[in-house]
Amino acid sequence: MGKTRKALIVVDMLNDFIDENGPLFCGKEARAIVPFIGALIDEYRREGGLVVYLCDSHRKDDREFDRFPPHCVTGTRGAEVIPELAPSAGDTVIRKSRYSGFYGTDLEEVLEKNGVLEVGVVGVCTSICVMDTVGGLANRDYGITVYEGGVADFDPESARCAMARMRRVYGVRVVAS
Ligand code: ZN
């Protein structure tokens with residue numbers, strides 16, 4: 001602790017989104033990013049970076065289910081990280097109930113406590129939880145990298161707009177893979 005660290009935020013790589021039988025399966029694009037994210041997680045761990053898993057976690061009667069089919073109900077298998085990317089000891093798992101990883105969570109404290117200034121972001125969906133979390137990072141002046149090979153969305157047009165917006169409006173560095 002005390003020294004500057006970078007962090008990788010892994011957004012919603014959970015069974016209900018990434019398993020093809022999940023109620024909100026994000027499509028084969030979302031499965032295709034799994035090996036890239038796995039390698040990136042290993043790299044961050046090897047270099048002493050902090051790996052933070054942001055995990056959607058809803059009550060059974062969550063208002064979000066007015067807009068989306070029920071998913072990631074707290075305590076169910078659907079709300080767990082996919083087995084291929086399972087967290088290790090030393091990683092941080094943060095449950096969230098809204099799109100932004102900052103809403104009602106201790107993400108800000110976790111990043112501060114670990115002296116993080118630079119944050120990489122991967123996961124799903126580019127135009128929803130990834131972009132809203134990136135907005136929260138930008139508001140807090142973090143240096144942000146979004147790995148293009150590590151994000152996916154069920155809606156390609158929204159994803160394109162989101163990438164452009166994150167680059168232009170939030171000053172995100174986009175790394176192609
Ligand atoms: Zn949700």
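In the list D91, D62, which residue meets the criterion of being away from the ligand (no atom under 16 Å from the Cβ), more than 20 Å from G136 (Cα to Cα) and not aliphatic (A, V, I, L, M)? If you could, list the steps in order and put the result at the bottom.
Numbers: D62 fails: away from the ligand (no atom under 16 Å from the Cβ).
Matching residue, one of D91, D62: D91.
How many residues are assigned to a loop (DSSP other than H, G, I, E, B) and free of Cβ contacts under 8 Å to residues at least 12 places away in the same chain when one looks only at the range 131-177?
Filtering the range 131-177 down to residues assigned to a loop (DSSP other than H, G, I, E, B) leaves 140-142, 153-155, 171-172, 176-177.
From what's left, free of Cβ contacts under 8 Å to residues at least 12 places away in the same chain: 141.
The total comes to 1.
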Requested in this report: Just name the residue that is nearest to the ligand (Cβ to nearest atom) out of those in the range 68-85 that are in contact with a Gly (Cβ under 9 Å, 6 or more places away or on another chain) and either assigned to a helix (DSSP H, G or I) or of a type in the set (S, T, N, Q) (or both).
Outcome: G78
Query raised in the report: Among the residues of the range 138-152, is any within 16 Å of the ligand (Cβ to nearest atom) and farther than 13 Å from V10 by Cα?
Result: no
Query raised in the report: If we only count helices (runs of 4 or more DSSP H) wholly inside the range 15-67, which ones have 3 or more residues that are more than 18 Å from G149 (Cβ to Cβ) and out of contact with any Leu (no Cβ under 6 Å at 6 or more places or on another chain)?
Result: none
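Just the residues that are β-branched (V, I, T) and either farther than 21 Å from V116 by Cα or away from the ligand (no atom under 16 Å from the Cβ) (or both), please, taken from the range 10-49. First the steps, then the outcome.
Step one: of the range 10-49, the residues β-branched (V, I, T) are 10-11, 18, 33-34, 37, 41.
Answer for the range 10-49, where residues must be β-branched (V, I, T) and either farther than 21 Å from V116 by Cα or away from the ligand (no atom under 16 Å from the Cβ) (or both): I18, I33, V34, I37, I41.
Any read-out appearing in this document is the output of simple, stated calculations on the displayed coordinates, not a laboratory observation. All figures in this text were calculated on a predicted structure; none of them were measured in a lab. Glycine gets a Cβ as well: all are built from the backbone with ideal geometry, and neighbour counts include every protein chain shown.
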